[in-house]
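Input: a single structure, listed below in structure tokens.
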Amino acid sequence: MATKLSYKYELLPNAAVTTLPNASDEIKIGSKFIVTKNSLYVQETDMETGTKTKSKLSQLVWIDKVYRTLDNGTVLLEILFYSRGQYHRVSTTREIFNEKNIMLLTEKGADVRGDNYKRIVAFLQQQEQTIQQTHYLHTALGWKQTGDELVYYHYHSLSGKSIEEPSGSVRDTRVNEVASIYSGPLAIQPTGQFEVWKETIRQHVLGRPALEFALVYGFTSVVNGLLSKYLPLEVLLVHIYGDSSTGKTTASRLAISSFGKPSADGLLKNWNATFNALMKVIAHNHGLPIVLDESSTKTNSDFTSVIYQLAEGRDKNRLNSDIELREQEKWSGAFLSTGEHRLTEKSNQNSGLLVRLPEFGNIAWTDSAAHAEAIKNALENNYGHAGPQFVQHVIDTFEEEAWRAQLEEWKERVVEAMTIKDGFSERIAEKYAVMLLTGQVMNDCFDFEIQLDSLLEFIIENDQENIGTRSLESKSLDYLQQKIVKHHAKFNFGDRGFSGTACYGALKKKQDYLEVSVVKTILDTWLSEGGFSSNQVVLKGLKKEGILDNEAGKNTRQRKLVGEEGKPAKQTVYVLKLPHELLDEVSTLPQTHHLSRPNSVFMDNPPAQSLEDILPDFD
């Protein structure tokens, strides 16, 4: 029974260059087979008389090229066959030599039958031995991960070459690396004109810091991927968000246009794909930028584990069918995400997550709809040229120690430019330093210039706007204050009781702060609902900032709260010291109250008052 054979079919273009013999030639393969006029003949000799007879075996089936895949060593054959006046091409493995597998070509029109398939296999095996040249393929992309040589896999593999220095001496950066061509699913073959792409950059991108940032970010994947071979760098992730009129999609297309087609069949992938599908694009990619577009389409999803995994640069450990650990998929470089909202809104509120994913939001990336359209039209037809040129420049000029020093200099500049700093500033500054180093290398490579000072200013402005939400303490405090304001009616207000069926806690106005006591189970539930993965980590942070007032050795205190029956009872609470300004966010008292409690002093329709009016001062 035939085994499953993987192959790719296409109709051979008339102008295709092949190794097919000329129609007028007669070629002998081995001792029995003759090829002539699009046909395959077999020559047999009568054992008694010695008479040779030639009979047609089939229309021609011919191995045009032999390929070897560098990633796993698999040998592939490009087979041509003649059918109905045209040649057709099939790419497959050497499993085609299985006598039953060759029959699978019959459905495509090959003249393979039950009475000739064994001889056709014998012919192909003999013909393969006459082919001297092996062509090489790759499916992995970006920097080669083995060996010390700098080799980068794009549509064509890129490696060193001889360089004439200004002094006249020649520096040889060549390596013993065979040339190969990409055989994967991404449309990265350089298309259109490089000069048209560059003119688009000069006309529509330069002088606009936001678009310069997007342009540089694509090249950053090359630099970060290379540096990751020498330094423990995380994969760079950036999420840009805003509504469709901000030009974020144009910015993302710009970021990847240097390396491939800025569309779905190229380097622009949708978040709505399964993670396994994304893995097939990301795995074994060490320096080619990818856009994960429109996170908003991935509904009801928690991005926490995906963000951590992307930043870490490796897939989870998995078992194969033999219950053995499979080799982990790995990647490095830089990826860009887009969506209408923050990606962290659909993720845990961990600080580690926030520092792994800088977010740039509600930025006007383009000047107008016409501006965005002009960029889009140009990039659709002219792409994939600048990336390989940049990589070749890096290969020919890279010096590890010099790059390390320049990276450290940029990191120091970034940190110095940060007016406000937190515990993550040093770490995130390193990510921004890689981007700025990339801009510097681009200026050495291309005949246009990135304004590095403006790029730094753009990055720092965004960082300073977001620094308040980066720490876990800041995010949790902001979240808890929103919850307190939303549910203020369920708190005891000074002398007055709460509204509703359950008491959430009490508010007391102190001289320097507002004391908010929240029932332990209520606040624990809030934190869980807010996506904070560890309550203890949040409380530890609030305690460190002096926000949590607690008993020695505990996170809580005991407080008397008026319960449903109007009687005070001791409860375990978290006590928070919050600013008086929190009262300003509550403009009026609730209009309905729990009326079953005795001695209620609330009127059925009390006049509107602010919390500031009814909360007494406490010493």
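Just how large is the dipole of the chain about the Cα centre, in debye to the nearest 20, putting +1 at every Lys and Arg Cβ and -1 at every Asp and Glu Cβ?
Using Cβ point charges on Lys, Arg, Asp and Glu, the chain gives about 2280 debye.
In order along the stretch 37-51, the phi-based Karplus estimate (6.51 cos²θ - 1.76 cosθ + 1.60, θ = phi - 60°) of 3J(HN,Hα) comes to 6, 6, 10, 10, 10, 10, 10, 10, 10, 6, 5, 8, 9, x, 6 Hz; Gly and Pro are listed as x. Using R0 = 30 Å, the C-beta based FRET efficiency linking Gln193 and Asn14 works out to 0.70. Sequence-distant contacts, meaning Cα pairs under 8 Å at least 6 residues apart, place the relative contact order of the stretch 406-525 at 15 percent.
Would you work out which of Ala311, Leu288, Leu211 lies farthest towards the positive end of the dipole of the stretch 175-324, given +1 charges on the beta-carbon of Lys and Arg and -1 on that of Asp and Glu, about the Cα centre? Value: Leu211.
Rounded to the nearest 5, the antiparallel percentage of DSSP beta bridges internal to the chain is 70%.
The residue among Ser183, Gly439, Gly142 whose Cα reaches farthest toward the positive pole of the charge dipole of the chain, with charges on the beta-carbon of Lys, Arg, Asp and Glu, is Ser183. Relative contact order of the chain, taken over Cα pairs closer than 8 Å and 6 or more residues apart, is 10 percent. Distant-in-sequence amide contacts of Ser39, defined by a placed amide H-H separation under 5 Å and a gap of 5 or more residues or a different chain, comprise Leu60. For P(r) over Cα pairs in 10 Å bins from 0, in percent, pick the label among (i) 3, 13, 18, 17, 15, 13, 9, 5, 4, 2, 1, 0, 0; (ii) 3, 17, 27, 26, 16, 6, 3, 1, 1, 0, 0, 0; (iii) 3, 15, 23, 23, 18, 12, 5, 1, 0 that corresponds to the value derived from the coordinates. Entry (i). Computed packing ranks the peptides 8-21, 182-195 as 182-195, 8-21, most packed first, by mean other Cβ atoms within 10 Å. Residue separation of Asp367 and Asn38 scaled by 0.36 nm, minus their Cα-Cα distance, works out to 112.5 nm of gained length.
Entry note: the stretch 78-119 has Rg to Rh equal to 0.94, where both radii use alpha-carbon atoms and Rh is the Kirkwood radius.
Of the peptides 286-295, 412-421, 484-493, 72-81, the ranking by mean beta-carbon count within 10 Å, highest at the top, reads 286-295, 484-493, 72-81, 412-421.
Simple spin-label estimate for Arg427 and Asn98 gives 5.0 nm between the two label positions (7 Å along the Cα-to-Cβ direction from each Cα). Using the Cβ-Cβ distance between Tyr308 and Asp512 with R0 set to 45 Å, the FRET efficiency works out to roughly 0.70. Once C-alpha pairs closer than 8 Å and six or more residues apart are averaged by separation and normalised to the residue number of the stretch 416-471, the relative contact order reads 50 percent.
Taking the Cα centre of the stretch 451-541 as the origin, how large is its charge dipole in debye, to the nearest 20, when only Lys and Arg (+1) and Asp and Glu (-1) carry charge on their Cβ atoms?
On the way: 11 positive and 12 negative charges, 165 e Å.
Rounded to the nearest 20 debye, it is 800 debye.
Between amide H atoms placed 1.01 Å from N, distances below 5 Å from Ser533 occur with Gln349, Asn350, all of them 5 or more places distant or on a separate chain.
Computed on protein heavy atoms with a 1.4 Å probe, the accessible areas place Thr134, Thr246 in the order Thr134, Thr246, largest first. Site pair Thr572 and Thr51 shows an inter-label distance of 10.6 nm when each label is modelled 7 Å from Cα along Cα→Cβ.
Taking amide H positions as modeled 1.01 Å from N, with prolines and chain starts lacking one, the residues under 5 Å from Thr93 and 5 or more places away or on another chain are Ser6, Leu77. Calculated [222 nm] ellipticity per residue, helices only, for the chain: -10000 deg cm²/dmol; basis is -39500 (n - 2.57) per DSSP H run with n ≥ 4, divided by all residues, nearest 500. Taking 37 °C and 0.692 mPa s as conditions, the stretch 17-97 diffuses translationally at an estimated 228 µm²/s according to Stokes-Einstein applied to its Kirkwood radius (Cα pairs).
Placing unit charges on each Cβ (+1 for Lys and Arg, -1 for Asp and Glu) gives the stretch 79-156 a dipole about its Cα centre, and among Tyr155, Ile131, Tyr117 the Cα reaching farthest toward its positive end belongs to Tyr117. Computed with a 1.4 Å probe over protein heavy atoms only, the accessible area of Asp71 comes to about 70 Å². Take Gln328, project a point 7 Å from its Cα along the Cβ direction, then tell me which residues of the stretch 221-254 have their backbone nitrogen under 20 Å from it. Taking a point 7 Å out along Cα→Cβ of Gln328, the residues of the stretch 221-254 whose backbone N falls under 20 Å are 224-237. One chain, two ends: His341 and Ala552. Fully extended at 0.36 nm per residue, the span grows by 71.8 nm beyond their Cα-Cα distance.
The values are calculated or read from the model by the stated rules, or taken from the named source; none is laboratory data. Please read these numbers as outputs of a predicted model, since none were measured by experiment. All Cβ positions, glycine included, derive from the backbone under ideal geometry; neighbour counts span all protein chains shown. Note: accessible area is taken over every heavy atom of the protein model, side chains too, but ligands, DNA and RNA are not part of it. Shrake-Rupley method; radii C 1.70, N 1.55, O 1.52, S 1.80 Å.
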